[in-house]
1. Give the cross-link partners of Lys92 among the lysines, using a straight C-alpha distance below 27 Å as the criterion and excluding same-chain residues fewer than 8 apart.
2. In terms of the Cα gyration tensor, with a ≥ b ≥ c the square roots of its eigenvalues, is region 1-87 rounded because a/c is under 1.5, prolate because a/b exceeds b/c, or oblate?
3. Using the Cβ atoms and a cut-off under 15 Å, what net charge is assigned to the surroundings of Ser42, where Lys and Arg are +1 and Asp and Glu are -1?
4. Helix-only mean residue ellipticity at 222 nm, the chain, DSSP H runs n ≥ 4 weighted -39,500 (n - 2.57), per residue, nearest 500. What is it?
5. Please give the FRET efficiency for Glu64 paired with Asn115, using the beta carbon to beta carbon distance and R0 = 22 Å, rounded to the nearest 0.05.
6. Return the Rg/Rh value of the chain, two decimal places, where both radii are evaluated on C-alpha atoms and Rh is the Kirkwood radius.
Amino acid sequence: MTKQSHADNIIQFSVFVENKVGRLLELVNLFQQYNIHVVAVSIVDTTDSAINRMIVDDAKKAREVFDENGYSYSECELIVVEMDMPEVDLQKVLSALVQAECNIYFVYSLLSQPNGKAALALHVDDNELACDVLTRSGFKILSQNDILR
């Protein structure tokens, strides 16, 4: 299997917003205006602010929207692994990463199902190791092109 190029990696945005009703909806509505689709989302909230972690189908366009509209954000690369049978494959994915001593910082599932299969987004301490281990364990690692709409 060929290695993914850096440009193919899936990007997660962490968007820093005020913790108030409707902020996520405002962001999703803004994306809709630019034909950007949220394919995964996770929210971490505190008393005053929230961090909306999200994967979108068009990372380049999302960066432009964030910058043009004054959103404070950061980004990181994620591993997104496709699972044929999530109720069984979750344990296999986690076991493979533990055996490789690859630490998982956080994980969440995708809203959409690329290729009609469940997919799990993982932020790990070593993307290259995780990709290698999971690929050798028979899993498909998705690229940004796999989640385009």
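Computed from the coordinates by the stated procedures, all read-outs in this text should not be read as laboratory data. Bear in mind that the values here come from a model prediction, so they are computed numbers and not experimental data. Every residue, glycine as well, gets a Cβ built from its backbone with ideal geometry; the counts of neighbours run over all protein chains shown.
1. Counting by Cα, and skipping residues close in sequence, Lys92 has these lysines nearby: Lys3, Lys117, Lys140.
2. Prolate shape, in that a/c is at least 1.5 and a/b is the bigger ratio.
3. Value of the local net charge: 0.
4. Helix-only estimate at 222 nm: -9000 deg cm²/dmol.
5. Taking R0 as 22 Å, the efficiency between Glu64 and Asn115 is 0.20.
6. Here the Rg-to-Rh quotient is 0.98.
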